[in-house]
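For reference, the structure is listed below as structure tokens.
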Amino acid sequence: MIEESALNNAESLIQSGTKKLSSISNVPRLEAEVLLSYLLDITPIKFHTDNICINQKVMDKFKSMIDSRSEGIPMAYLIGKKEFWSMDFIINESVLVPRPETELLIENAIEIFKNFESPKILELGTGSGIISIVLQKELSNPRITAVDISKEALRIAKMNAQKHKISEIQFISSDWFSEIMHEEFDLIISNPPYVDRSKLSKEELISIVMEPDIALYSENDGTSDLEFIIKKSPQYLKNGGWLILEHGYDQSSYCISEMKKAGYSKINNSKDIQNITRTIFGMFAYE
Ligand SMILES: C[S@@+](CC[C@H](N)C(=O)[O-])C[C@H]1O[C@@H](n2cnc3c(N)ncnc32)[C@H](O)[C@@H]1O
């Protein structure tokens, strides 16, 4: 627990919070500042310019948030939002917390479709809606259908679309392609569940334990959903349409081999800032 006697201003509160978070976070001071600034509805810079005193109610809430964070609850769930592609998205426990590597998927899609007017796009597993919403902003008049099996996730995705003043995306509750009837797309894009639960270290497990299982885990060493999407997508792609997928750090060779077997061409991938291959894309052309 944070020592009561020391708590009389923001700095001492932040210091106590930082100490408690140092066992779980690489940036404990930053996280403590963000949590307190969230409760006070100010920017963290104020802690460095003003002498801020804290009332008992805020102090109690802060302590409770620090406790939750130290138990592994992600920052995004505590403050209800996360930045992605320099935009703020509403986030809660029913959706995956957006990861920076997912921006690679969007970069791939922009590179392929930057000169394309009105591409027809299907996003599988939209979660908080980040991928579809960013594509709607970045591409030229795309016609996007975004599906998810989780109704709660779709509710958050729709709230995010509204927040960013986007009304064009069609959000559908669907088990992958189950509700997509006789439609063909220029692009199918997905960040599907691909984590192999059995391979996680204790630390990795703690860092993701609060996120929905359905967003994370897939059978067969994490490859089941990737395999299904790779094999099924050609039925839903136009001639010359593209599939772009995010995958796990060790699933690149598997995805390349599955895409080759399924008949895709122009297969390529891209790496994250740690030089790890995280996305794969390929084109499907009819014989
Ligand atoms: C890794 S999360 C990606 C969420 C979001 N697109 C992102 O990149 O942050 C995978 C998403 O796929 C959804 N999902 C899992 N199984 C599904 C299925 N069978 N059909 C449709 N969506 C599914 C989950 O609910 C989750 O929202």
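The values are calculated or read from the model by the stated rules, or taken from the named source; none is laboratory data. The structure presented is a predicted model; accordingly, all values stated were derived computationally and were not measured. So basically every Cβ, Gly included, is an ideal-geometry build from the backbone, and we count neighbours across all protein chains shown.
Below are the figures for this structure:
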| read-out | value |
| --- | --- |
| Criterion: closer than 18 Å to Leu245 by Cα and more than 8 Å from the ligand (Cβ to nearest atom) - qualifying residue of Leu122, Leu96 | Leu122 |
| Qualifying residue in the stretch 168-176 (condition: small (Gly, Ala, Ser) and more than 14 Å from Thr126 (Cβ to Cβ)) | no |
| Unmet requirement for His164, which otherwise passes all of (1) within 14 Å of the ligand (Cβ to nearest atom); (2) in contact with a helix residue (DSSP H, G or I) (Cβ under 7 Å, 6 or more places away or on another chain) | (1) |
| Residue within the stretch 99-115 that is within 13 Å of the ligand (Cβ to nearest atom), surrounded by fewer than 16 Cβ atoms within 10 Å (Cβ to Cβ), within 12 Å of the chain's Cα centre (by Cα) and not in a strand (DSSP E or B) present | yes |
| Flag for Leu13 being modelled with pLDDT under 95 and either in a helix (DSSP H, G or I) or of a type in the set (Asp, Glu) (or both) | yes |
| Hey, Tyr249 crowded, with 17+ Cβ neighbours inside 10 Å and among the aromatic types (Phe, Trp, Tyr) or not | no |
| Failed item, numbered, when Ser64 is tested on (1) over 24 Å from the mean Cα position of the chain (by Cα); (2) among the polar types (S, T, N, Q); (3) part of a helix (DSSP H, G or I); (4) under 30 Å from Met283 (Cα atoms) | (4) |
| Helices (runs of 4 or more DSSP H) wholly inside the stretch 186-257 that include at least 2 residues being modelled with pLDDT under 95 and farther than 15 Å from Leu96 by Cα | 202-208 |
| Yes/no for Ala109 being closer than 21 Å to Glu83 by Cα, touching a residue at least 40 places away in the same chain (Cβ under 8 Å) and of a type in the set (A, V, I, L, M, F, W, C) | yes |
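Residue-wise test of (1) of a type in the set (D, E, K, R); (2) closer than 20 Å to Glu93 by Cα; (3) near the ligand (Cβ under 10 Å from one of its atoms).
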| residue | (1), (2), (3) |
| --- | --- |
| Gly129 | no, yes, yes |
| Ser150 | no, yes, yes |
| Leu154 | no, yes, yes |
| Gln170 | no, no, no |
| Phe177 | no, no, yes |
| Met181 | no, no, no |
